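Structure first, then comments.
The values are calculated or read from the model by the stated rules, or taken from the named source; none is laboratory data. Keep in mind the model is a prediction, meaning the values are calculated, not measured. Note that we place each Cβ from the backbone using ideal geometry, even for glycine, and neighbour counts take in every protein chain shown. The area values use the complete protein model at the heavy-atom level, side chains included, leaving out ligands, DNA and RNA. Shrake-Rupley method; radii C 1.70, N 1.55, O 1.52, S 1.80 Å.
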Amino acid sequence: MSLKKLNKTQKSAVEAVDKPQLVFAGAGSGKTRVITHKISYLVQQKLYAPDEILAVTFTNKAANEMKQRVAKLLKVENPAINIGTFHSICARLLRQEIHHLGYQTDFAIFDTTDQVHLLKPIMDNLAISKDYLTPVKANRLISNYKNKLILPDDAAQMANTVFDNKLVEVYRAYQQALKTNNAVDFDDLLILPLRIFEKKPSVLKKYQSRWKYIVVDEYQDTNRPQFLFVAQLAEKHRHICVVGDDDQSIYGWRGADIRNILDFEQQFPNCEVFKMERNYRSTQRILSAATTMVSNNINRAEKELLSTRGAGEKLGLFGTQDEMEEADAVVTAIEKEIKLNKRKFAEFAILYRTNAQSRALEDSLMRIGIPYEIVGGIRFYQRKEIKDLLAYLNLIVNLENTVALRRVINFPPRGIGSKTIDKCVKQAAKIKKRLFDVLKNPSAMQIRGKQADALFNFFETVTKYHSLLDKLDAAELAHTLVDETGFLKYYDTQDTEEDRERAENVRELLNALTNYVKENPKAGLREYLEEVALLTDIDNWEDKANRVTLMTVHASKGLEFPIIFITGLEDGLFPHFNSIDDPHKLEEERRLFYVAITRAEDKVFLMYANNRRRVGSDTLYGMVSRFVHEIPDKFLKKISFSSALTRRVVATDAGTTTKVKRTVTVFDDFLVGDYVEHAIFGIGQIRALSGSGENQRVGIVFKDGQKRKLVVKYAKLKKVKNPNSAR
């Protein structure tokens with residue numbers, strides 16, 4: 001293994017072994033390269049045996065990549081180095097040592113579903129009403145305690161209210177039930193080793209002797225138990241290297257504590273600090289914009305990222321009228337890049353703060369036929385809650401739709417089980433009626449009591465809205481239906497992050513319907529459902545490997561793309577309104593924006609809308625994100641844009657439908673003075689132009705003196721750098 005390919009700082013960080021080391025690895029600075037070279041260096045120089053090294057990270061993907069790269073560097077197929085996630089390393093330790101706490105070594109590991117099922121009877125026995133505290137919410141609150149290393153006795157001392165005391169009761173009973181079941185949850189995997197170390201110091205000493213050198217990846221994401229785990233293991237020998245970037249600490253909402261990396265020098269005095277500031281990913285303007293913005297945070301270590309890739313272009317700033325025009329602007333920019341710079345779809349990523357924002361973007365991409373892929377989520381119209389609501393609407397439009405009926409007959413839950421539905425299906429076949437019709441007469445199927453009432457009420461509700469199809473517009477009908485069925489209320493009362501996301505998605509669909517009605521006053525629910533059905537047709541998509549990527553900013557961490565679009569940059573959305581009044585949360589939102597910008601290699605486009613319907617209300621966002629204002633104007637290029645799509649309702653034999661037509665935009669492709677390349681004539685400079693968009697005509701003087709007038713749409717010109725500029 002050679003260190004020649006490492007820069008000076010990287011090489012110094014790899015070779016430093018005598019003292020504790022803190023490596024601030026800025027975005028795109030080669031963090032994984034340093035970690036894997038350091039592990040390999042320790043083994044190759046025979047400073048430590050492979051099994052004396054412990055390397056921990058946060059995801060299985062990162063751990064596997066680390067193993068593969070170390071194996072390649074050492075030219076050994078399976079080096080005996082302990083590389084894994086915090087949870088996997090701790091689980092391995094517990095298999096050997098958990099008997100010290102009275103558990104058996106074949107303990108089970110309960111996931112979230114198991115935990116909730118365990119909590120239900122506990123809360124029933126304690127006579128705790130679900131209106132007061134649900135098992136799902138109790139599980140989340142207990143996990144919050146554990147992430148901060150607050151055990152039941154600690155929680156009892158902190159309790160100030162009746163609710164707090166009830167939660168402590170549940171917490172105690174839950175921990176006892178886990179032990180009775182010889183089970184641990186994911187949080188216990190991190191906590192129980194610490195309890196063993198405290199109860200049996202000899203065990204701690206054993207692992208301090210076994211793991212003589214410790215490497216920690218993504219150290220800024222550690223919570224209290226993870227911090228104590230590695231700190232105690234390294235307490236005696238102090239042979240520890242932590243690598244991370246405080247500016248990329250974005251998981252405070254799940255227990256990560258940025259103080260762990262910022263206070264490392266206090267925990268391990270006389271440590272060596274390395275700042276990896278040479279960036280190999282992004283251009284300098286991208287880095288300077290991101291760094292200037294994040295420097296507004298108080299809790300951070302000073303660093304300055306320097307690009308190896310030159311100055312690059314300014315960050316494009318789009319202001320649009322609403323989220324639909326924002327989506328059109330993204331699509332237009334993608335088309336321009338593909339046409340002028342021969343980009344591939346896979347070179348673009350569209351980032352957003354919340355998953356619900358993908359709806360307008362997906363609509364625009366599908367309408368134009370641009371293939372895309374959602375990372376860390378599923379397509380808006382394929383999400384369960386959206387499919388459920390669309391099924392309700394489809395059933396109201398078409399009572400013959402048994403697929404839609406079976407999907408929603410027991411949602412929200414109304415006590416109609418599969419056996420009851422089977423009876424209905426048999427009755428419909430017996431009397432040769434449609435399935436929907438037999439619901440009005442439950443007694444004919446020997447169905448009585450609450451199930452009979454539920455069937456009849458469902459029948460009455462759907463029948464009522466079917467009769468209102470031509471009396472209410474699509475948005476009014478859908479809003480009223482959601483209220484009457486308790487569709488949205490169901491998700492609002494679950495009080496989990498997932499269900500809050502589902503509720504936002506339902507509200508986003510209602511917002512989409514409202515916008516549709518405003519733009520298509522003569523169209524109805526049938527036309528809307530037809531348009532949605534056409535939008536989800538993906539038969540003509542291109543190869544899976546060549547797609548535009550859509551994802552939340554959180555999901556983008558660790559990834560990189562040539563071109564990044566960051567959408568929804570308005571105060572209240574990004575930064576999120578839950579964070580604006582909390583200085584610590586606001587700093588994390590700023591770091592999240594920093595992560596978004598630094599995913600880009602070549603170009604960044606910042607997008608905001610003057611009007612955006614706030615999820616769940618008629619309030620509109622309108623203030624540009626404060627984070628955008630924190631980027632100096634010298635790094636920004638304001639781009640004017642008018643929507644390239646017009647929508648109009650036209651009459652057809654089948655009724656009315658919405659026609660979407662592409663029009664010329666003010667988002668011009670070329671400017672006088674630009675240098676371009678033509679497949680036949682070579683490189684030339686634009687001296688004159690007329691028109692705009694795809695109908696632009698350009699007058700070009702080519703290198704050999706030829707003058708040509710060309711139509712952009714057919715000329716297939718590629719913008720290039722000035723061939724006469726100094727290299």
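Values computed for the structure shown
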item	result
Number of positions in region 307-334 that are surrounded by fewer than 22 Cβ atoms within 10 Å (Cβ to Cβ), at pLDDT 90 or above and acidic (Asp, Glu)	1
Lone unmet requirement of (1) farther than 29 Å from Asp114 by Cα; (2) open to solvent by less than 20 Å² (accessible area, probe 1.4 Å); (3) touching a Lys or Arg at 6+ places or on another chain (Cβ under 7 Å) for Tyr219	(3)
Positions within region 164-194 being more than 20 Å from His117 (Cβ to Cβ) and among the acidic types (Asp, Glu), in sequence order	Asp164
Residue pairs meeting the criteria (Cβ under 9 Å; at least 6 apart or on separate chains; first more than 17 Å from Val162 (Cβ to Cβ), in region 130-141; second open to solvent by 80 Å² or more (accessible area, probe 1.4 Å) and acidic (Asp, Glu))	Arg140/Glu497
Filter result (under 27 Å from Pro442 (Cα atoms) and open to solvent by 70 Å² or more (accessible area, probe 1.4 Å)) within region 468-488	Asp483, Glu484
Tabulated pairs, region 471-484, first farther than 14 Å from Glu527 by Cα and part of a helix (DSSP H, G or I), second charged (D, E, K, R) and open to solvent by 10 Å² or more (accessible area, probe 1.4 Å), C-beta under 6 angstrom, 6+ apart or interchain	none
Looking only at region 145-164, and only at residues there that are part of a helix (DSSP H, G or I) and within 19 Å of Ala177 (Cβ to Cβ), the one that is most open to solvent (accessible area, probe 1.4 Å)	Asp153
Restricting region 358-382 to residues that are of a type in the set (A, V, I, L, M) and at pLDDT 80 or above, the residue that is most open to solvent (accessible area, probe 1.4 Å)	Ile368
Single match in Lys557, Lys603 (criterion: open to solvent by 10 Å² or more (accessible area, probe 1.4 Å), closer than 30 Å to Glu65 by Cα, among the charged types (D, E, K, R) and at pLDDT below 90)	Lys557
Single condition Lys206 does not satisfy, out of (1) within 21 Å of Thr9 (Cα to Cα); (2) over 28 Å from the mean Cα position of the chain (by Cα)	(1)
Subset of region 335-357 (residues that are surrounded by fewer than 21 Cβ atoms within 10 Å (Cβ to Cβ) and of a type in the set (A, V, I, L, M))	Ile338, Leu340, Ala346
Any chance Leu535 is in contact with a helix residue (DSSP H, G or I) (Cβ under 9 Å, 6 or more places away or on another chain), hydrophobic (A, V, I, L, M, F, W, C) and either open to solvent by 80 Å² or more (accessible area, probe 1.4 Å) or at pLDDT 85 or above (or both)	no
Of all residues making up region 404-461, the number that are charged (D, E, K, R), surrounded by fewer than 16 Cβ atoms within 10 Å (Cβ to Cβ) and not in a helix (DSSP H, G or I)	5
